[in-house]
Every structure is written in C-alpha cells, then in structure tokens.
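Below is one structure, written out as structure tokens; comments come after it.
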Amino acid sequence: MWQYLTDSYNWSGNEGIWARILQHLWYTFAALGLSVVIALPIGLRIGHTRRGAFLAINLGNAARALPSLGLLMIAVLLTNQIGFLPVLIALVALGIPPILASTYAGLSGVDPATIDAARGMGMTGREILTKVEIPIGLPLIISGIRSATLQIVSTATIAALVSLGGLGRYVVDGLKLRDFPQMFTGALLVALLAIVLDAVFALIGRITVSQGLKIG
Amino acid sequence: MTWIGDNLGLIWEQLREHIYLAIIPVILGLIISVPLGYVATRYSWLANPLIAFGGLLYSLPSIALFIVIPAVLGTKVLSTINIIVALTIYTVSLLIRNVIDGLRSVPPDVRQSAIAVGYGSMHRLIAVDLPIAVPVIFAGLRVVTVANISMVSVGAVIGIGGLGELFTLGFQKDFLTPVVVGVVLSLALALVADLILVSLQRVLTPWARVSTPVAEVA
C-alpha cells in the first residue's frame, strides 16, 4: 500500500489521487449544498411554527434505515442513466433527513420563555427566527450538517459503481483487478477525508456558536 | 412479479444472511460495551477519551472499514468476518456513550441505598444500575441496530452484503424489481428489529410502562 501511496506517478494527472480527491469533494459538496438548500428552510419552518414536527422526527429515524446502495441503484434505474444525476439524487436523499431533523430539534429546544421575552421586546416573527432561534439552535443545526456530510462523503464512494470518479474508483477497480493495495489506498483516503471534514465542521461549530451561549 | 416468485430461494437466502450480518454485531457490541462502560464509570477519567474515540471510529466510512479490516486482521477480503468486525466496531463506538450515560443516570441515593442493604458491586451492577440504565442503553441500541441493517448492504460492493447483493444484481441486469425487493425488505427488517427492541425494553423495565421512551434525535 505504501508503495502505491508513495509512488508520485499515482498522485498526479487526470486519474491521479489529487484529481480523485477533488472529484470526491465535488460530489460531496454538490450533494451537501443541495441538501442544505432543501432541508434547512423546511427544518426552520417546522421548528419556528412547530407544525409538522411529526414529519421531521420520523423522517430522520426512517432515513437511517434506508440502504444507500439500494437508493443509488433505484435512482440509476429510474433516471435511466448512469453518471452524476442518480448519484446526486441518492446522496441528497441521504443528506436531507439529518439536517431536517436536527434543524427542527435545534429550534424546538429553544426555551419558550426566551421566545416570549423576544416577543415582549417587540421582535417580529422573522426577527425572532434570525436573532434568537437560529443562533440558539445553531450548534444542533451544524451537528446535523456535520452528520449529513459524513454520510455523504462515505457514500460518495459508491459513485464509482456507476462509472463516476472519486475515491471509490480505487475500491471498485481494485476489487475487479484483485489489486488489494489499491483498494486499501482508496479506503484509507476516504477515511482520512471523512476525518478531516468532520474536524472542519467541529471547528466551524465552535467558531459560530454565539458568545452568549458559551458563558451559560 | 414473476421474478420474485422465481427467486424466492435467493431472496430468502440473502435475507437470512442480512439478518445474521446485522444482528451478530449488535450482540457482540453490547457484550463489549457494557463492561467497557462500567469500567469507564468507575475510572471516570476514561469516559471522555472513550466517547471521543468512539465518535472518531463512528465517522469512518463503512466501506473503508470493510476493506481495511482484512489488512489488519489478516482475514480474506471476501470473508463475512470483516463485515461482522466492522459493524461490531460501529456498535461499540456508538453504544459506549449510551452505556456510560445510562450508568451515570443512576441517582446517587439509589446507589447508596443498594450499598446500605448490602449489595456487592457486581450484584449492584446487575440488579440495580443496569436496569435503571436500560432506557438510555436501548435508545442507543435502537439507533445502532437500524444503522447496521442499512449498512450491511454496503458490503455488496465488495461481494458480501445480504440484501445488498440484490442491488448489485438489479444494477447489472438493468432490472428494477430486485432492487426494490431489497430496499423494501431492508426497511421492513429495520422496522421489525426496532419493534422487537421496543417490546424487549418494555419487558425489561416493567416500572416504566406509564411513559413511552423518547427516541434520540441524531
């Protein structure tokens, strides 16, 4: 494996390790961005109005049971194409539930007395959402995005099954060729990428948490 | 539909493999995390590092573990042991937090009463601490069981994956039915397993019948 990793030939070029990492990150962030765009507003709405909580909670739980590989295959067969679109669909389907559930959980955890106080000070509904509920719920919202990222980055590996690139290529190609060092390389790089992204989100979480919350 | 009828044997086979691959790690994981969690509550400086390490392990992609484990253990890449070890690692890494939290949730006066009436530390763990920790431990057990059931299918990428093999089969043959059968059975399995755990928890905690347990939101 070290031989594979330390051979500079394997790192450069269109099919080199750097290129694979970039592809992997591209799938991850495209899917993550889309999941956030879809799930965050819905989660905020449910958390703010407290209507539809049943949906947010149960969707989060049910989604844990969905096999991502099956989801990808269904997306491939239904869109009738292999490539980026079905992968994006499958990854977004994985990303939405944790973001939705934890956004709702973050907002619904806000002390009602705090919201009453904000309303008493004359804040409008929108102000309560942006100045009170979101800042207080932010740690949970970010942890939801964080777990969505982890799910997506590890599942993006299976994109290689439907002839896309990314780090999964090493796993899939290595398996076909019985080239186990190549498989280990892919597996190790995915794990490293997951750990790095997780650390980045932990850092973001720490930076963005409101000062007022840290003291208490 | 005719495909299902013609392949009942195959479907049943994969379903059985799926149950086996998902459930054995939960049992092994529980057997490992309870003593580990107990040790961590006795020596409390151990608790936070253990929980943090568990979080790190849980963030590793399953497919990576499925492949790296044979390199570490020296097993064959296509051996079911890899899946079982990987999922056991996930189970322990998630469950350890719940076991520690659960054991910590035992009220100090309950613990002291147990000591006062003469319970030894082992007897107290089994007869007092663990029963009180059951709801918290089961919350983790439910999460990890459902996650394991969906994760087993990923193993199909490397050739062992229970119902996941129906996914690769459907993909290779450009045929939706096996994939849908696999997804539906996988979801049904998760639902049944969850129901079994909920009923088991009710049986184990007869004093808590009044209130319903609240599932943890990830």
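The values are calculated or read from the model by the stated rules, or taken from the named source; none is laboratory data. What you see is a predicted model, and the numbers here were worked out from it, not measured in a lab. Counting neighbours? That spans all protein chains shown, and the Cβs are built from the backbone with ideal geometry, glycine included.
Please go through the range A:76-87 and give me each residue that is at pLDDT 90 or above and either within 16 Å of A:SER154 (Cβ to Cβ) or surrounded by 22 or more Cβ atoms within 10 Å (Cβ to Cβ) (or both), ordered by number.
Selection gives A:PRO86, A:VAL87.
Can you find, within the range A:200-210, the residue that is farthest from the other protein chains (Cβ to nearest Cβ) among those that are in a helix (DSSP H, G or I) and not aliphatic (A, V, I, L, M)? So that I can check it myself, show each step before the final result.
Step one: list which residues in the range A:200-210 are in a helix (DSSP H, G or I), which gives A:200-208.
Then drop every residue that is not not aliphatic (A, V, I, L, M), which leaves A:201, A:205-206, A:208.
Working: A:PHE201: 10, A:GLY205: 13, A:ARG206: 15, A:THR208: 20 Å.
Ranking the qualifying residues of the range A:200-210, first place goes to A:THR208.
A quick yes/no check of all residues on (1) within 24 Å of B:VAL34 (Cα to Cα); (2) basic (Lys, Arg); (3) surrounded by 18 or more Cβ atoms within 10 Å (Cβ to Cβ):
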site	(1), (2), (3)
B:ALA114	yes, no, yes
B:ILE137	yes, no, yes
B:GLY140	yes, no, yes
B:ILE149	yes, no, yes
B:PHE167	no, no, yes
B:ASP174	no, no, no
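Where residues in the range B:151-165 are hydrophobic (A, V, I, L, M, F, W, C) and in a helix (DSSP H, G or I), which of them is surrounded by the fewest Cβ atoms within 10 Å (Cβ to Cβ)?
So the residue we want is B:ILE158.
Please specify each residue of the range A:86-96 satisfying the condition of being within 13 Å of chain B (Cβ to nearest Cβ) and free of Cβ contacts under 8 Å to residues at least 40 places away in the same chain.
Correct list: A:ALA93 only.
Give me the residue from the range B:143-186 that is without any contact (Cβ under 8 Å) to a residue 60 or more places away in the chain and polar (S, T, N, Q) and, out of that set, nearest to the other protein chains (Cβ to nearest Cβ).
Out of the qualifying residues, it is B:SER150.
Filter the range A:128-173 for residues that are more than 21 Å from B:GLU165 (Cβ to Cβ) and of a type in the set (Asp, Glu) and give the result. Walk me through how you get there before you give the answer.
Narrowing the range A:128-173 to residues more than 21 Å from B:GLU165 (Cβ to Cβ): A:128-153, A:156, A:164-167, A:169-170.
Matches in the range A:128-173: A:GLU133 only.
Give, as residue ranges, the helices (runs of 4 or more DSSP H) completely inside the range A:104-199 that count at least 3 residues that are in contact (Cβ under 8 Å) with a residue 12 or more places away in the chain, at the interface with another protein chain (Cβ under 9 Å from one of its Cβ atoms) and of a type in the set (S, T, N, Q).
On the way: elements: A:112-120, A:134-155, A:168-177.
Answer list for the range A:104-199: A:134-155.
Identify all residues within the range B:33-62 that are under 17 Å from B:ARG124 (Cα atoms) and polar (S, T, N, Q); write none if there are none.
Answer for the range B:33-62, where residues must be under 17 Å from B:ARG124 (Cα atoms) and polar (S, T, N, Q): just B:THR41.
Of all helices (runs of 4 or more DSSP H) completely enclosed by the range B:1-75, which ones contain at least 2 residues that are buried (at least 17 other Cβ atoms within 10 Å of the Cβ)?
B:8-42, B:47-58, B:62-73
Out of the residues in the range A:125-155 that are of a type in the set (Lys, Arg) and touching a helix residue (DSSP H, G or I) at 6+ places or on another chain (Cβ under 9 Å), state the one that is surrounded by the most Cβ atoms within 10 Å (Cβ to Cβ). Don't jump to the end; show me each part of the working.
Of all residues in the range A:125-155, those of a type in the set (Lys, Arg) come to A:126, A:131, A:146.
In the following step, the residues that additionally are touching a helix residue (DSSP H, G or I) at 6+ places or on another chain (Cβ under 9 Å) were identified as A:131, A:146.
Working: A:LYS131: 13, A:ARG146: 21.
By that ranking, first place goes to A:ARG146.
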